[in-house]
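Worksheet for the structure shown next.
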There are 4 protein chains.
Amino acid sequence: MAGSSFGSLFQVTNFGESHGPAIGCVIDGCPPGLALSEADIQPELDRRRPGTSRHVTQRNEPDQVRILSGVYEGLTTGTPICLLIENTDQRSKDYGNLLDTFRPGHADYSYWRKYGLRDPRGGGRSSARLTAPMVAAGAVARKWLREHHGTQFRGCMTQLGPVAIAFEGWEHVHHNPFFAANTSQIAELEAYMDQLRRDGDSIGARIRVEATGVPVGLGEPLFDKLDADIAYALMGINAVKGVEIGAGFGCVTQRGSEHGDALTPEGFASNNAGGVLGGISTGQDLVAEIAIKPTSSIRVPKPSIDRAGQPNAVETFGRHDPCVGIRATPIAEAMLALVVMDHVLRHRAQCGDVQLDQPPIPGARA
Amino acid sequence: MAGSSFGSLFQVTNFGESHGPAIGCVIDGCPPGLALSEADIQPELDRRRPGTSRHVTQRNEPDQVRILSGVYEGLTTGTPICLLIENTDQRSKDYGNLLDTFRPGHADYSYWRKYGLRDPRGGGRSSARLTAPMVAAGAVARKWLREHHGTQFRGCMTQLGPVAIAFEGWEHVHHNPFFAANTSQIAELEAYMDQLRRDGDSIGARIRVEATGVPVGLGEPLFDKLDADIAYALMGINAVKGVEIGAGFGCVTQRGSEHGDALTPEGFASNNAGGVLGGISTGQDLVAEIAIKPTSSIRVPKPSIDRAGQPNAVETFGRHDPCVGIRATPIAEAMLALVVMDHVLRHRAQCGDVQLDQPPIPGARA
Amino acid sequence: MAGSSFGSLFQVTNFGESHGPAIGCVIDGCPPGLALSEADIQPELDRRRPGTSRHVTQRNEPDQVRILSGVYEGLTTGTPICLLIENTDQRSKDYGNLLDTFRPGHADYSYWRKYGLRDPRGGGRSSARLTAPMVAAGAVARKWLREHHGTQFRGCMTQLGPVAIAFEGWEHVHHNPFFAANTSQIAELEAYMDQLRRDGDSIGARIRVEATGVPVGLGEPLFDKLDADIAYALMGINAVKGVEIGAGFGCVTQRGSEHGDALTPEGFASNNAGGVLGGISTGQDLVAEIAIKPTSSIRVPKPSIDRAGQPNAVETFGRHDPCVGIRATPIAEAMLALVVMDHVLRHRAQCGDVQLDQPPIPGARA
Amino acid sequence: MAGSSFGSLFQVTNFGESHGPAIGCVIDGCPPGLALSEADIQPELDRRRPGTSRHVTQRNEPDQVRILSGVYEGLTTGTPICLLIENTDQRSKDYGNLLDTFRPGHADYSYWRKYGLRDPRGGGRSSARLTAPMVAAGAVARKWLREHHGTQFRGCMTQLGPVAIAFEGWEHVHHNPFFAANTSQIAELEAYMDQLRRDGDSIGARIRVEATGVPVGLGEPLFDKLDADIAYALMGINAVKGVEIGAGFGCVTQRGSEHGDALTPEGFASNNAGGVLGGISTGQDLVAEIAIKPTSSIRVPKPSIDRAGQPNAVETFGRHDPCVGIRATPIAEAMLALVVMDHVLRHRAQCGDVQLDQPPIPGARA
């Protein structure tokens, strides 16, 4: 209820702070019998890890995950899986006068107002570092979904500040530090980021995330619609300010005759729906896009106030991502996987395995 | 878990189908002592009601609400409040061959795949009619929030298909059938809708919704962020395909030096955050926008398939909204109210009333 | 969260007060495709109904149930099922000075302290009348469980005040007003009750409830153990003060060599466990017993205080059950059914249908 | 949903297995500002710790707790508190042929049937070792409740097998290994246990647990009654087979004129209710008793079957508690504290702090 748990049947409880001894999560509800070791999780963590290029924070964290429970002789037992990641590179003194003042656009202020006190070390609980356990939990969900339903997740950056990033192919995403789905714009993106860093400023980004091989029938009809839960999951990622499904905001100017995806014996003729109709998956690819705001930890000075309400200048030093969007792709994939995983379990609770396994309408899984 | 309940502490369980005997909801967790009668709820239902102008469905429903429980001598008792709305104008035969085929862009298909059967009368459970109980529950939350915290909710249409709607003032919203915040474009909007109806087509829309007088400190830090829950609530409204908070997708091209809202002794200097930092309310106005797709029930024929997977033409007759966005404003307001209400109760569970009541930083509630 | 919902996946939300316009419940999560009509539910309600013998309250309620949603053409659709029971025989004036004073042993006092106000008509929300919707919801669960797993529920009274009731056979239970499993003691029980009524007093009782044909593997290992959830469900019934599973309090004096139920190729050799080991069902019969206190609404005067804390005499008139235990058997059966139903859905969410369907160890289902 | 989380607002998620690397829990929802360190938790763990007398298991675990998150500069921050206890003394080979056979009365069988596989090391997840994190979480709740409401928890053994233990005074409980509230019977209890150990057998016990200084108004009226949640919490403790509140099973033979606790200007005249009326606390002491079965890990041989359903003899060696009831007192106290803590937060969510803080009816808090 205090918001550290995600999901209802595949429930992930996240704990830790940026500069505490450790961060991690407990997964409760994982089906038994899944082959699982740290080697299944570590690669996803490595994709999100800081310090992998000059365009992200230089904090040097190995983000080594350890499974503390729930696995016996290489298989999940059905009992809770605790994943632990120790914090090794905390430099608490980097934070200037943040104890007394509030970064504009940062959770410094709202945490302090909510709780009456806060852990200022590296943003404490509000740090994007807490997405690491999400990525770890997502890796478990991804493995199970891949093995049981052939569901896969992928994402890419589609815009970096003013630079729209053309889509050339998913195969490019893993060969550049931006998760860009092309090769032609990498130099442009690097130049943009280098200048930004010199300016001491930060920038927004736009990320696309997809699921393929999605079982039909996932999602609840009224409130826990699959798209509503995707919006919840993605908007919950640090710095996200907008979420679109399928045609998204583009649907505002569409007519019904254009928007509705025609059904044909060979499958859907288009995917304006983004894979969801009436909150329930159709078997088409799930498609979502998110807007990520520029980080608030910048060197450019900005007016603020201190805890007594007096004017103050914020000094942000230390190691920060000039574009938090760059590392957001694996996080968004993980959150989408957690949503799908939870809904698969929810679906089979009420409807059994029947619907998930039945042959779709011929060709309908486009 | 089957998705008919919204909220955790102010929990609203919705039931009914478009053409069943009745629709309604049960509110569990309403604080005791709130003066409440049908007269507090009916006006909000009337704003959402069908048949109020020629631009919405001509179904003639009085949407008369009845309180069945939870109120004694005009005050809520703390026990569940059941709100019942009887369906009076069901014309089940209007639905052509919908039993055998699927409207492109409609939940017909996904419901059938999820459950193996469906109630086709008027869209059954997937009908926008089920937003009426949400509006009714929202009215209860709005009254409590207004009385206890001065929180108010308002919304307007900001775009109807290709027509951007200029904001002139909130006072205009209630004097035209579109919830437009101006007087100068009403004729243009009416002409657009009249032509659309003649075309037998439908169109998308964009709605803005706000809360003012929001207590500081609402929202949970990690997963149940206030903005994540707003995204969940708004994306869960029928036909919504996109949600933005504050600067929304506009933040993609913003630099950090521009995006972060400066804090001054007189309050925040801007509201790119939309009232939320780190998932927690700052006391500024909550601001969200949503994209609503064109309805799938149109006269323009579109290719589809029948339940055997064979090609089929869809015939949609009957009474439909050519722009479901027109009636979406009171619904979005209600859902935002339910989110805020739930988070007020959650906040005081963990933190007590202290934070909510303490004097804000001088001027900080801009 | 305010406690009007039972279950997580087969979730029953109960509403209403004893003398309000109606009582009822919403079942969310019922699997689709179950044949269901009022005729499946009414017989269970009739078993619990007041006014069926001179030994229970003479309130004359038909308890006619109406299905308002979730069923289409005789089958559940997977959407919420609203069951409504109108109150027809409310005599609010029967309640003497209860508005100002508190019946010893009654919820009058605690409700008033919790909420600061209360609905005194017939006990309001604390009335045993609210068990009617539980019985109705239980009937739905019972039908699904019987059809899908052959699970059945039964119960009987095993003690009425000082009178221990010998068990002769389940077939007797439905042929006397006490749910006694014999024929030889009915006259004794009637005589006891007649004298009690003349005394204007009330008495406790002990009820046994069982489930047969229980799938193996139900229950969560740590906190939502099947027996813990049974204890929660049964202790939650009005007036229950004790719950035992299997050997119950008798195990205090048992040695391990006696208590542990030996496993043999033909099945378990005994059932001290009451069908649950480590919180998980073994496939044996679930067996529980409950203690029900004497009702607090008696004619015998008792000292109390009024709302100002001043001494006062309580006058209870009106129609009351001198032994609420008499009508408790169908309620306890219903609650046990709701627990089993919920755990079947929970089990198949995590583990799929596999375990439930697999052939048990030869003979193990004793 | 998979049952590893306890509570709704003060939510404790438990993880780990008896012989895995570590056990622990995550507390989500703890109010901010509570002074907390390991020193507040360790003493409660030490009370439950194995190896403290010759009458309990000789496993030598220091049960050293470490706070991994949620505390900053000695105060809880409102974010999740992870408590970690490393397992140091695992002797996995002590377990004879348990991999292939099932101890009568043990969860070996039901786990294997539920999940299709199990961790047999020391009982895996079903081990009573998993109560250590419950005791640790309970210590946090106890500190907060003591500081904010003066609520305190205490318990004692009231029966050890055939030996009824007379109550002389709470001050004796901490001066003998049995949590007996007297000094006169300790020798008798020691002699009984020594003989039992020589027999290679085990025995049941009966435990009483109480809370004093309980706020009035805790508990939800219908399903999450305070006594129902206490029954759930206590029945969920390993080996518990029965739970009573107040008069418990004794109420079966009570008349209403005897059972109902008279209210006087000086407070309640008796406590048959055990502190709960209509599911809501009255401010009187909460009083519950539990029955604990004899452990199934005994040296006395007993018939069983192996995984193929063939007859087999169970050999249990290793270190076991001959009476698990001996260490159950601090566990029961902890679970009662977790229930009360959760309901305090739930109460103030719906009703605010008002009711909890208001002056009780003069003398009513007896």
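The values are calculated or read from the model by the stated rules, or taken from the named source; none is laboratory data. Owing to the predicted nature of the structure, the values given are computational and were not obtained by experimental measurement. Reconstructed Cβ throughout: ideal geometry from the backbone, glycine too, with neighbour counts over all protein chains shown.
Structural remarks
- Of everything listed in (1) under 20 Å from the mean Cα position of the chain (by Cα); (2) surrounded by fewer than 21 Cβ atoms within 10 Å (Cβ to Cβ); (3) among the acidic types (Asp, Glu), the single unmet condition for residue B:28 is (2).
- Test: residue D:134 is within 30 Å of residue B:225 (Cα to Cα), within 11 Å of chain C (Cβ to nearest Cβ) and touching a strand residue (DSSP E or B) at 6+ places or on another chain (Cβ under 7 Å): yes
- Just so you know, in segment B:31-53 the residues that are closer than 30 Å to residue B:323 by Cβ and touching a strand residue (DSSP E or B) at 6+ places or on another chain (Cβ under 7 Å) include one that is surrounded by the fewest Cβ atoms within 10 Å (Cβ to Cβ), and it is B:38.
- Within segment A:86-99, none of the residues are part of a helix (DSSP H, G or I) and at pLDDT 95 or above.
Residue by residue, here is whether (1) at pLDDT 95 or above; (2) in contact with a Pro (Cβ under 6 Å, 6 or more places away or on another chain); (3) β-branched (Val, Ile, Thr) holds:
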position	(1), (2), (3)
D:212	yes, no, yes
D:219	yes, no, no
D:225	yes, no, no
D:235	yes, no, no
D:247	yes, no, no
D:253	yes, yes, yes
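- Residue check for residue C:295: of a type in the set (Val, Ile, Thr), under 30 Å from residue D:269 (Cα atoms) and touching a residue at least 40 places away in the same chain (Cβ under 8 Å): yes
- Single residue of segment D:109-127 satisfying the filter (assigned to a helix (DSSP H, G or I) and surrounded by fewer than 22 Cβ atoms within 10 Å (Cβ to Cβ)) that is nearest to the other protein chains (Cβ to nearest Cβ): D:121
- So residue D:282, is it of a type outside the set (D, E, K, R), over 30 Å from residue B:144 (Cβ atoms) and surrounded by 21 or more Cβ atoms within 10 Å (Cβ to Cβ): no
- The number of residues in segment B:286-296 being at the interface with chain A (Cβ under 8 Å from one of its Cβ atoms) and either assigned to a strand (DSSP E or B) or not charged (D, E, K, R) (or both) comes to 5.
- Of C:155, C:74, C:78, all but one fail to be surrounded by fewer than 24 Cβ atoms within 10 Å (Cβ to Cβ), among the small types (Gly, Ala, Ser), under 30 Å from residue A:350 (Cα atoms) and away from chain D (no Cβ under 13 Å); the exception is C:74.
- Subset of segment B:33-71 (residues that are modelled with pLDDT under 95 and touching a helix residue (DSSP H, G or I) at 6+ places or on another chain (Cβ under 7 Å)): B:47, B:48, B:55, B:56, B:63
- Test: residue in segment C:328-335 that is in contact with a strand residue (DSSP E or B) (Cβ under 8 Å, 6 or more places away or on another chain), on the phi < 0 side of the Ramachandran plot, at pLDDT below 95 and buried (at least 24 other Cβ atoms within 10 Å of the Cβ): no
- Residue ID - farthest from the chain's Cα centre (by Cα), chosen from residues in segment C:207-235 that are more than 28 Å from residue A:30 (Cβ to Cβ) and surrounded by fewer than 24 Cβ atoms within 10 Å (Cβ to Cβ): C:213
- Selection from segment B:246-280 of residues that are more than 20 Å from residue A:113 (Cα to Cα), of a type outside the set (D, E, K, R) and not in a loop (DSSP other than H, G, I, E, B): B:248, B:249, B:250, B:251, B:252, B:253, B:256, B:257, B:259
- Residue D:301 meets the conditions (1) facing another protein chain (nearest Cβ under 7 Å); (2) assigned to a loop (DSSP other than H, G, I, E, B) in every case but one. The failed one is (1).
- Of the criteria (1) touching a strand residue (DSSP E or B) at 6+ places or on another chain (Cβ under 8 Å); (2) modelled with pLDDT under 95; (3) at positive phi, which one residue B:200 fails: (1)
- Members of segment A:140-167 that are assigned to a helix (DSSP H, G or I) and either under 26 Å from residue A:322 (Cα atoms) or touching a strand residue (DSSP E or B) at 6+ places or on another chain (Cβ under 9 Å) (or both): A:140, A:141, A:142, A:143, A:144, A:145, A:146, A:147
- Long-range neighbours under 9 Å by Cβ, at least six apart or interchain, first residue without any contact (Cβ under 8 Å) to a residue 24 or more places away in the chain within segment A:325-349, second not in a helix (DSSP H, G or I): A:348/C:352; A:348/C:353
- Selection within segment A:41-84 - touching a Lys or Arg at 6+ places or on another chain (Cβ under 6 Å) and either in a strand (DSSP E or B) or among the acidic types (Asp, Glu) (or both): A:63, A:84
- All positions within segment A:1-40 that are of a type in the set (Ser, Thr, Tyr) and either away from chain B (no Cβ under 14 Å) or outside any strand (DSSP E or B) (or both): A:4, A:8, A:18, A:37
- Some residue of segment D:160-176 being in contact with an Asp or Glu (Cβ under 7 Å, 6 or more places away or on another chain), facing another protein chain (nearest Cβ under 10 Å) and either surrounded by fewer than 21 Cβ atoms within 10 Å (Cβ to Cβ) or under 27 Å from residue C:261 (Cβ atoms) (or both): yes
- If the condition is being under 20 Å from residue D:195 (Cβ atoms), surrounded by fewer than 24 Cβ atoms within 10 Å (Cβ to Cβ) and in contact (Cβ under 8 Å) with a residue 60 or more places away in the chain, then segment D:298-316 contributes D:299, D:300, D:302, D:316.
- Test: residue B:350 is at pLDDT below 85, facing chain A (nearest Cβ under 9 Å) and assigned to a helix (DSSP H, G or I): no
- Matching residues in segment C:181-204 - criterion: being at the interface with another protein chain (Cβ under 9 Å from one of its Cβ atoms) and touching a Cys at 6+ places or on another chain (Cβ under 8 Å): C:196, C:202, C:203, C:204
- Matching entry among C:207, C:230 (being of a type in the set (A, V, I, L, M, F, W, C), closer than 22 Å to residue D:111 by Cα, more than 7 Å from chain D (Cβ to nearest Cβ) and not in a loop (DSSP other than H, G, I, E, B)): C:230
- If the condition is being part of a loop (DSSP other than H, G, I, E, B) and facing chain C (nearest Cβ under 7 Å), then segment D:210-227 contributes D:216, D:217, D:220, D:221, D:222, D:223, D:224, D:225.
- Among the residues of segment A:21-58, those identified as among the hydrophobic types (A, V, I, L, M, F, W, C) and in contact (Cβ under 8 Å) with a residue 12 or more places away in the chain are A:22, A:23, A:25, A:26, A:27, A:30, A:34, A:35, A:36, A:41, A:45, A:56.
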